[in-house]
Amino acid sequence: MKRIASFEVNHNILEKGMYTSRIDGDAVTYDIRMRRPNKEDVISNAAIHTIEHLFATFVRNSEFSDKIIYFGPMGCRTGFYFIVRDSVTPDKAIKLTYDAFKFISQYEGDIPGVSEIECGNFREHSLEGAKLEAKNFYPVLENYTVEMLKYKQ
């Protein structure tokens, strides 16, 4: 089988940040790396789950709502995949991601979509964990530039 692009990234030198993973037609996939792979503990499932709910709700309520394709966790639990239409320019994608994590870091209230009817694993959430993860991550993107979206080889 052909080796997929994600496995071509040297995970030993990866830093926290946001990276362009692939472009497929008008769909752009960003890798949001909240942990340095194989060097830091992974994110807890409960925090990942809550970040997923809050981030997805935030971006789907933004001015780019109809340009959002997907937001979800990486299996390695070091970050997330964020897929948008290419009309969301890279600088806007960075700003939207920054704003979403800042929003999560300050969020108070009920987690959207957390009931037995709305969620397939409604018991496994951690608002405090999500807030802490977001508080530790959003400053990474504060002065992020489009040039920084490229993976280092």
Given (1) more than 20 Å from Ser6 (Cβ to Cβ); (2) buried (at least 16 other Cβ atoms within 10 Å of the Cβ), index of the condition Glu128 fails: (2)
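Out of curiosity, is Asn38 on the phi > 0 side of the Ramachandran plot and without any contact (Cβ under 8 Å) to a residue 40 or more places away in the chain? Don't jump to the end; show me each part of the working.
Numbers: on the phi > 0 side of the Ramachandran plot: yes; without any contact (Cβ under 8 Å) to a residue 40 or more places away in the chain: yes.
Yes.
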Near pairs, Cβ below 9 angstrom, 6+ apart or cross-chain, from region 52-68 (farther than 17 Å from Ile104 by Cα and without any contact (Cβ under 8 Å) to a residue 24 or more places away in the chain) to any residue that is of a type in the set (Gly, Ala, Ser) and outside any loop (DSSP other than H, G, I, E, B): Ile68/Ala56
Failed condition for Gly109, given (1) surrounded by 16 or more Cβ atoms within 10 Å (Cβ to Cβ); (2) modelled with pLDDT of 95 or more: (1)
Lone unmet requirement of (1) on the phi > 0 side of the Ramachandran plot; (2) surrounded by fewer than 15 Cβ atoms within 10 Å (Cβ to Cβ) for Arg77: (2)
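Do the conditions hold for Tyr19, that is, is it within 30 Å of Glu8 (Cβ to Cβ) and modelled with pLDDT of 95 or more? Even if it seems obvious, please write down each step before you answer.
On the way: within 30 Å of Glu8 (Cβ to Cβ): yes; modelled with pLDDT of 95 or more: yes.
Yes, satisfied.
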Residue under evaluation Pro90, criteria (1) within 21 Å of His49 (Cα to Cα); (2) surrounded by fewer than 20 Cβ atoms within 10 Å (Cβ to Cβ); (3) out of contact with any Phe, Trp or Tyr (no Cβ under 8 Å at 6 or more places or on another chain), criterion not met: (1)
Condition broken by Val140, with the remaining ones in (1) crowded, with 17+ Cβ neighbours inside 10 Å; (2) touching a His at 6+ places or on another chain (Cβ under 8 Å) satisfied: (2)
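Among the residues of region 111-153, which ones are polar (S, T, N, Q), within 19 Å of the chain's Cα centre (by Cα) and either closer than 21 Å to Thr29 by Cβ or in a loop (DSSP other than H, G, I, E, B) (or both)? If you could, list the steps in order and put the result at the bottom.
Step one: filter region 111-153 for residues polar (S, T, N, Q), giving 115, 121, 126, 136, 143, 145, 153.
Still in the list and also within 19 Å of the chain's Cα centre (by Cα): 126, 136, 143, 145.
The answer is Ser126, Asn143, Thr145.
The values are calculated or read from the model by the stated rules, or taken from the named source; none is laboratory data. Everything numeric here is computed off the predicted structure, so don't read it as measured data. Here Cβ is always computed from backbone atoms with ideal geometry, including for glycine, and neighbour counts include all displayed protein chains.
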